[in-house]
Amino acid sequence: MPNHYVLFFVLCWTTSSFAQSYYVCQSCGNANDSNPGTLASPWKTIGRSCQAGAVLPGSTVYIRSGTYYEKLTVNVAGAQNQPITFRPYNTDLVRVDGGSAAGVLLAIRNKSYLIIDGLTFQNAIGSNSDGIQISGNAQSITIKNCTINTIAFDATLNTPTNASLHNAHGILVKGDDPVNPISNFLMQGNTINQIKPGYSEGITFVGNIDNFQVLDNIVSNIANIGMVFAGYYSWACPSCPQTATTQNQARRGTISRNQVISCRGPLAFAAGIYADGSKDLVIEGNVVRDCQRGIQINCENPSSIAGASASNISIRNNLIYKNSRAGLGLGSHSYSTNLGKVTSCSVVNNSLFDNFIDRPEATATTNEDFGEMTLSYSENCVVENNIFHAGNRQRLLNSYDTPASVNLRFNYNLWFTNNANPFWVLFSSVYYGLNAFRTGTGQEANGAFGNPAFVSTSPGINLALTSTSAAINLGNPAATSALAGSLDYSQQARFRAGRIDAGAYEYPKPVLSIASGSWHTTNSWDCGCIPTRFDLVQIQSGHTISINSGNGTAQAQQLTLRGRLQYVNAGRLQLAIP
């Protein structure tokens, strides 16, 4: 046999032989950390599997059920296309428990290509405790399907008093390497609950972080901000240059389809989702409710860093309701004195409802209504195609900060309240009625005051539109998917023939065929899209639409057939009629 064939065989055998399965079982009678970690002879502690050299790229560590009183430091790393996975064995319930003592339950520093899947981290209580902490040069880390609960800065204190000690996080992602950002980070399908973070947050992304996704998580009962994406904090990346072009920013992130519920701080108004000095983020398709502030864009770090800003952040297609001190906040509230600014951000196609609760909050001395949206200083920002429904209150918009924003544009928004005397406050001027607001400010040339006719606002809240909604076809006719997103909150196509709607939901419109052709090409449909299982599809008279199995299964919610449907090579159509 020629030698190069032998070499090829050896290389393939060597690479595949590294990928193995390892097992941890603290309750098994023969478990011992001196074992080989097989199913028959498992390790006793999870920590044993985290030791340097314990497992190799491509391996999976299966953990049998139990409560493991350990604090884990991961000293192994996977490789590209060969991550190391830590997960429960079958459907076992695995808890990593801090025993109510202070500390970090899972620490990953300068390690890459790791997947943490389906574990529970709980009961870390004390100064600077974290459920999970990622830091240093860490690439391609995935945290999914995990539960993090009962993490607190102190066992008894509810109000923090020491900014350096009274901190805790459910998850802390800290990019403190000035050269190599934490990148390709995925956090998906986790539950973060009962976090008492003191001066910190339930979930924190801070420092040199580039390219991340936070998807499908449930974040609830956080005694401060729910999740923050931050920049310009010197403590996060001490070696990063403190300039406007610094790498010390969370950037290029997608925060989508999360539920953020009941985030309330004792010292200041806590947002469910907070972009603080970060940039290039898409915050899309989330539900944020029962917090103090729904979603906020700000830049808390100093204007002494010339040009420091939160920039190019898109807030779109979110449902924001029943927060107590405004649904949305845009701008730097002290830019003229000591903070950075907010620039080139967009707030588009969100649905807001009744974001004020008349009760004391944080250190506020009065129960001030901040409207559905509150403004501070910003530059070159756009607010359009939103629904602002203030319930039974008068105040729709709030803005008393100075100086006035530069090139701030409101248009194509739908405003509504059941109160007969609504008003808008823009840069300390009060306007009663939309016409007065339009005339006095030059804003909302194409906006409207009218009932969005939500499906339900009491007792259950459903902010989808009914057929009489004033939001239908109100959106900017020149809107693009780059600004508004290609899908609405329910994952229905945003763009159809005609104008888009205001708010997070499109009212269902039929997708019409415009010519004979394939179901799977955009040229066949008036929306310029391919129908999905959420769409009402109508094939018009004289048109023949073909479905070819080679293109996958065609989908629609309902189909009205006035033309012809042709199946090619056993093509399939799946209907999702409710």
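The values are calculated or read from the model by the stated rules, or taken from the named source; none is laboratory data. Here the structure is a predicted model, which is why all the values come from computation and not from measurement. Quick reminder, even Gly has a Cβ in these numbers, built from the backbone with ideal geometry, and neighbours come from all protein chains shown. To get the accessible areas, we keep the full protein, side chains included, count just its heavy atoms, and leave off ligands, DNA and RNA. Shrake-Rupley method; radii C 1.70, N 1.55, O 1.52, S 1.80 Å.
Remarks
- Stretch gain in nm, segment Q82-Y400, where the contour uses 0.36 nm per residue and the Cα spacing is subtracted: 109.1 nm
- Area of D358 that stays accessible when all protein chains are in place (1.4 Å probe, Å², to 10): 110
- Percent accessible area from carbon and sulfur atoms, the chain, protein chains only, probe 1.4 Å: 49
- Rounded to the nearest 10 Å², the accessible area of S129 at probe 1.4 Å: 0
- Sites S549 and D117, calculated FRET efficiency, Cβ-Cβ separation with R0 35 Å, nearest 0.05: 0.55
- Put S49, S518 in order of accessible area, highest first, and with a 1.4 Å probe you get S518, S49.
- Potential lengthening of the chain between T91 and L165 amounts to 22.9 nm, from the contour at 0.36 nm per residue minus the alpha-carbon distance.
- Three-way shape label, segment 511-575, alpha-carbon gyration tensor, a/c 1.5: rounded
- Lys/Arg +1, Asp/Glu -1 at C-beta; the chain dipole; positive extreme among T366, A308, Q20: Q20
- Among the trypsin sites (Lys or Arg not before Pro) in segment 470-578, those located in a DSSP loop and surrounded by at most 12 other Cβ atoms within 10 Å of their own Cβ are R562, R572.
- Shown for segment 21-465: lysine pairs separated by 8 or more places, or found on different chains, whose C-alpha atoms are under 23 Å apart, numbering 14.
- Share antiparallel - DSSP beta bridges, segment 124-251, percent rounded to 5: 5
- Approximating the spin labels as points 7 Å out from Cα along Cα→Cβ, the A570-to-N446 distance works out to 5.0 nm.
- MRE, 222 nm, helices only [DSSP H, n ≥ 4, -39500 (n - 2.57), over the chain, to nearest 500]: -1500 deg cm²/dmol
- If the chain linking A101 and N32 were pulled fully straight, counting 0.36 nm for each residue of separation and taking away their Cα-Cα distance, it would gain 22.3 nm.
- Lys, Arg +1 and Asp, Glu -1 on Cβ, resulting dipole of segment 21-465 about Cα centre, debye, nearest 20: 460
- Segment 21-465, Rg to Rh (Cα coordinates; Rh as Kirkwood inverse mean 1/r): 1.02
- Seen from K341, the other residues with C-beta closer than 13 Å to its C-beta sum to a net charge of -3, counting Lys and Arg as +1 and Asp and Glu as -1.
- For segment 21-465, relative contact order (Cα pairs under 8 Å, six or more residues apart, normalised by length) works out to 7 percent.
- Bridge type composition, the chain - antiparallel percent by DSSP, nearest 5: 10
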